[in-house]
Amino acid sequence: MDFTRRETLALGAGAALMTVLPFRVNAAADDAINEFTGGAAVADGGVDLDAPEIAENGNTVPIGVSAEGATAILLLAAGNPTPGVATYNFGPLAGSTAASTRIRLAGTQDVIAIAKLADGSFARASKTVKVTIGGCGG
Amino acid sequence: MAASAMVGASGFGNWARLAAQQSLTQDQLLQFDTFGNVSLIHVTDIHAQLKPIYFREPSINIGVGGNKGEVPHVTGADFRRLYGIEDGSPSHYALSSGDFASLAQAYGKVGGLDRVATVINAIRADRPDALLLDGGDTWHGSMTCYKTEGQDMVNVMNALKPDAMTFHWEFTLGSERVQEIVEGLPFAALGQNIFDAEWDEPAELFKPYKFFERGGVKIAVIGQAFPYMPIANPRWMFPEYSFGIRDENMQAMVDEVRAAGAELVVCLSHNGFDVDKQMASVVTGIDVILSGHTHDALPEPVLVGETIIVASGSNGKFVSRVDLDVRDGRMMGFRHKLIPIFSDVITPDAKVASLIDEQRAPYKAELEEVIGTTDELLYRRGNFNGTWDDLICNALMSEREADIAMSPGVRWGPSLIPGDNITREDIWNVTSMSYGEAYRSEMTGEFIKVILEDVADNIFNPDPYYQQGGDMVRIGGMGYRIDVSKPQGERISDMTLLKTGEAIDPSKTYIVAGWASVNEGTEGPQIWDVVESHIRKQGTITLEPNNSVEVTGV
């Protein structure tokens, strides 16, 4: 829990948003996926998405993605006001088709990775990352 | 190992039947037909309780999702029926709630590391190369532990000669102090999920696992520290470290030790019981999980797939002995006993007893000063409240002139029975921590709801991997209704300010006092001083029954 006055006031301002947790996939995320896939079907699996169950710090959440034989991977934070995080493109000389980064999450939401595979098909993985006030562990 | 080929037995029924005879003896508590070729001894969540104490188990411990109605979410009479425990028996007193105060008078205090030492020595007499494994939450929870920054516990535990340990509250000593102690430990400090926060690589100070050769068996012990340390406790105290469940890395470690010839894989875990169950269903190849964190005491292991999960209670109240038959690289069977440390029945080990007194000597007068007496049973465990936290919330509201008080839903802290003196030590036993400042703050009704929803989801999220293993934040001065079956944001309703009977107004500001903020720079007097001042004024503690939380959706 958050209890200093300054933090409390800061968090209080965000309370209106936090009460509608968890954030859902918004239209912007769907649009970004459609733009990336050109509307093609996306299969579940075939992408490894490494993300914590609960973020230790919502301001910098470590995320890793990899997909065997991918030519590109789109990474989205579906609940952020601007869902797009990154698109990683892998050329034919790429030693591995994996990438990792740290992202900021506005609240509990799904992080989504879409991989474009060498045969032109698309694969998808997603994971809910919880962003919590924390503070009451036993 | 095929589950069907595995033979298991637990020995608790033996001492349960001794109730009628009123003849509990040390020999009976320790009676165990040595089995197989390997013995594990598990202690966990001691919370710096060197001396015998009372500890009341919870009467409310709600399970959700797949764990609804499953152990450890079975309490009181239901728990006794489930395990065939007679009412009024020693097992009733040790393992379940109900009639606690009168049974406490009959059976006396529990725990005390000098008694634990006697039990460990007796097991080692049967099996000299038994492995002693400490599940963590050892260097936290008392005045002497606070004042010596964990040194009292380190000194006494070293005398018990553990083989390995994992961690949780230890990190609230601050990373520098943790490093100082860990570098000097004469046993392994393990945690496959303790990572360097900056590089997201395994932390150098903590090894993921250690190999032991016991009874001709190659044993790998893999550590699993509390996954949510930087969330449940102040991150700023150990910024170098990152945790998480990291079950993929756990699988990698299991595969690595198996490839290196491990015939038995033991996970020394501080995950909490439901998280351990889930991890056991995801990770293959672990034979035994010694489970800590959620303070559950179970008289039999729980089997998930081919993994047995052993829960050994808290506060020095129990020692688990697990004998294993390992042959041809496989665990073929087990025999288990959760040994309750009845402190009037088990003779203290003289050497450890004097070592304990040595640690306490410099603080003896401070510890023993009587601050007040209690007419109430004072206990903490329960999902929503306990009388200790009722008292702490009353102290916060009156001493800090607040409308509403919040006390963290931790599960440590021994009990007192009616008629007991309340000493300064007793107050520290339920409040001691390195971030105990009691803040006084303004919060809107809306923000208070956000806090309750957030904490409730840490307990009642149906996916155990999203649970942190504590209890609900305790609230003084305010009532509410909670539907545990709903998702976050919809569980809490009918918030009421008790002193006026009015509904909490989302836009109105309330004065809230609390303690144990995870924020750096929190200001206020230490909570133990606030509580001491309140108890001194009250003299004798009496409490109104707390009916301010209405629970539905169970």
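Observations, loosely collected:
- In terms of distances greater than 31 angstrom between alpha carbons, the cross-link table entries A:Lys130/B:Lys109; B:Lys317/B:Lys449; B:Lys68/B:Lys218; B:Lys210/B:Lys337; A:Lys127/B:Lys68; A:Lys127/B:Lys277 yield A:Lys130/B:Lys109; B:Lys317/B:Lys449; B:Lys68/B:Lys218.
- Measuring nothing but how far apart in sequence close Cα pairs (under 8 Å, 6+ apart) lie, relative to its length, the stretch A:22-129 scores a relative contact order of 36 percent.
- Neighbourhood net charge (13 Å Cβ-Cβ; Lys/Arg +1, Asp/Glu -1) for B:Gly419: -3
- Highest average packing first - B:49-57, B:481-489, Cβ atoms within 10 Å: B:49-57, B:481-489
- For the stretch A:34-101, GluC sites (Glu not before Pro) meeting the loop criterion (DSSP other than H, G, I, E, B) and having at most 16 other Cβ atoms within 10 Å: A:Glu68.
- Peptides B:177-185, B:381-389 ordered by average Cβ neighbours within 10 Å, highest first: B:381-389, B:177-185
- Cα lying deepest toward the dipole's positive end in chain B, options B:Pro52, B:His534, B:Tyr435, charges on Cβ: B:Pro52
- Per-residue average of Cβ from other chains inside 10 Å of B:440-452: 5
- Taking the Cα centre of the protein assembly as shown as origin and assigning +1 to Lys and Arg Cβ atoms and -1 to Asp and Glu Cβ atoms, the resulting dipole is close to 720 debye.
- Relative packing of B:439-445, B:349-355, B:301-307, which averages over residues the other C-beta atoms within 10 Å, highest first: B:439-445, B:301-307, B:349-355
- Rounded to 5, percent antiparallel among DSSP beta bridges of the stretch B:279-391: 80
- Rounded Å value of the spacing that divides the Cα centres of the stretch B:278-321 and the stretch B:103-180: 18
- Cα-only radius of gyration and Dmax that characterise the stretch B:3-358, units Å: 19.1, 61
- Its residue count N fixes a reference of 2.2 N^0.38 Å for the protein assembly as shown, and the Cα radius of gyration divided by that reference is 0.96.
- Mean residue ellipticity, 222 nm, helices only, chain B: the sum of -39500 (n - 2.57) across DSSP H runs of n ≥ 4, divided by residue count and rounded to 500, is -8000 deg cm²/dmol.
- Helix B:273-282 axis, angle to chain B major axis (alpha carbon atoms, nearest 10°): 50
- Helix B:527-538 vs. chain B, principal-axis angle (Cα, 0 to 90°, nearest 10): 60
- When the P(r) is computed for the stretch B:110-243, the part past 22 Å accounts for 39% of the Cα-Cα pairs.
- ³J(HN,Hα) computed for each position of the stretch A:63-76 - Karplus, 6.51 cos²θ - 1.76 cosθ + 1.60, integer Hz, glycine/proline x: 10, x, 10, 7, 7, 4, x, 6, 9, 7, 10, 9, 10, 10
- Within the protein assembly as shown, DSSP assigns beta bridges of which about 65% are antiparallel (rounded to the nearest 5).
- The stretch B:419-554 - Rg over Rh from alpha carbon coordinates, Kirkwood radius: 0.98
- Its residue count N fixes a reference of 2.2 N^0.38 Å for the stretch A:22-129, and the Cα radius of gyration divided by that reference is 1.00.
- For peptide B:505-518, the mean count of partner chain Cβ atoms within 10 Å of a residue's Cβ comes to 2.
- Peptide B:469-480, shielding by other chains (average Cβ, 10 Å cutoff): 1
- Among beta bridges that DSSP assigns inside the stretch B:3-358, antiparallel share in %, nearest 5: 55
Throughout, read-outs are computed from the coordinates displayed, never taken from laboratory work. A quick note: this is a predicted structure, and the numbers were derived from the prediction, not measured. FYI the Cβ positions are ideal-geometry reconstructions off the backbone, even for glycines, and counts take in every protein chain you see.
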